[in-house]
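K.L.:
Next up is a structure, given as structure tokens.
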Amino acid sequence: MVDLPPYYFRVKDNGALVFRVDTENRQRRLELDQIATININNGNVKPQGDRELTQEDRAAIDAWMTARSDELASREVDDILRAVDTLNLTAHWAQARATDEQLEAVTDRLLLAMHDLRTVLVRKRADRVLGKGG
């Protein structure tokens, strides 16, 4: 049988369900035993039922939470860089291919979103320049 990790993390919106992987049972079948629920946003770890987590459980969960937070932060920056590409493609579309009807359908929403974004970015830059943090 393939060597499986001792824990499986089923990702969900705000974190994950944590399972202990068991292959050492009488039937030699793969079993997933839920041991905890993680909320990555607030760092809460709730053991399943009245289970107590071992030091090994907690170490695996903490390592997963750190790695997952790093992964999500990296994805967030990548998503923003993709948004920059999308803005550039949108500008080219508006200039080269958009019909009057298409422009009418999107112009106000785009202008409001871009104004809002510009306002936030300018304020955040000013805060950084003035050393306010933010």
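What follows is calculated from the coordinates using simple rules that are stated; it is not laboratory data. Keep in mind it's a predicted model, so treat the numbers as computed, not measured. Backbone-built Cβ (ideal geometry, glycine too); neighbour counts: all protein chains shown.
K.L.:
First measure r as the distance between the Cβ atoms of ARG128 and ASN42, then evaluate 1/(1 + (r/R0)^6) with R0 = 30 Å and state the FRET efficiency to the nearest 0.05.
P.N.:
Details: r = 27 Å, r/R0 = 0.89.
Working from the Cβ atoms, E equals 0.65.
K.L.:
Apply the Karplus parameterisation 6.51 cos²θ - 1.76 cosθ + 1.60, with θ equal to phi minus 60°, to every residue of region 37-49 and state each ³J(HN,Hα) to the nearest whole Hz, in sequence, with x for glycine and proline.
P.N.:
Taking θ as phi minus 60°, the curve returns 10, 10, 10, 5, 5, 10, x, 6, 10, 10, x, 6, x Hz for region 37-49.
K.L.:
Amide H neighbours of ILE40 under 5 Å, counting only residues 5+ apart in sequence or on other chains, H built in-plane at 1.01 Å?
P.N.:
Amide H to amide H, under 5 Å and 5 or more residues apart or across chains, ILE40 pairs with GLY15, ALA16.
K.L.:
Suppose every K and R has +1 on its Cβ and every D and E has -1 on its Cβ; what is the size of the dipole of region 7-72 about the Cα centre, in Debye to the nearest 20?
P.N.:
220 debye
K.L.:
Taking 0.36 nm per intervening residue step and subtracting the Cα-Cα distance, what contour gain separates ASP13 from ALA96 on full extension?
P.N.:
Separation in residues times 0.36 nm, less the Cα-Cα distance, equals 26.0 nm.
K.L.:
Same structure, new question: What number, rounded to the nearest 500 deg cm²/dmol, is the helix-based mean residue ellipticity at 222 nm of the chain, given -39500 (n - 2.57) per DSSP H run of at least four residues and division by all its residues?
P.N.:
Computed mean residue ellipticity for the chain: -19500 deg cm²/dmol.
K.L.:
Give me the extension gain from ARG82 to ARG29: residue separation times 0.36 nm, minus the current Cα-Cα distance, reported in nm with one decimal.
P.N.:
Numbers: separation 53, 0.36 × 53 = 19.08 nm, distance 4.32 nm.
Here the segment from ARG82 to ARG29 would lengthen by 14.8 nm.
K.L.:
Given a Förster radius of 22 Å and the C-beta distance between ALA73 and LEU117 as r, what FRET efficiency does 1/(1 + (r/R0)^6) yield to the nearest 0.05? Numbers along the way, then the final one.
P.N.:
Values: r = 20 Å, r/R0 = 0.90.
With a Förster radius of 22 Å, E is 0.65.
K.L.:
Select from region 72-113 those trypsin sites (Lys or Arg not before Pro) which occupy a DSSP coil region and have at most 14 other Cβ atoms within 10 Å, ordered by residue number.
P.N.:
On the way: sites: ARG75, ARG82, ARG97, ARG109; in loops: ARG97.
Answer in residue order: ARG97.
K.L.:
Let me ask another. Place a +1 charge on the Cβ of each Lys and Arg in the chain and a -1 charge on the Cβ of each Asp and Glu, then give the dipole magnitude about the Cα centre in debye, rounded to the nearest 20.
P.N.:
320 debye
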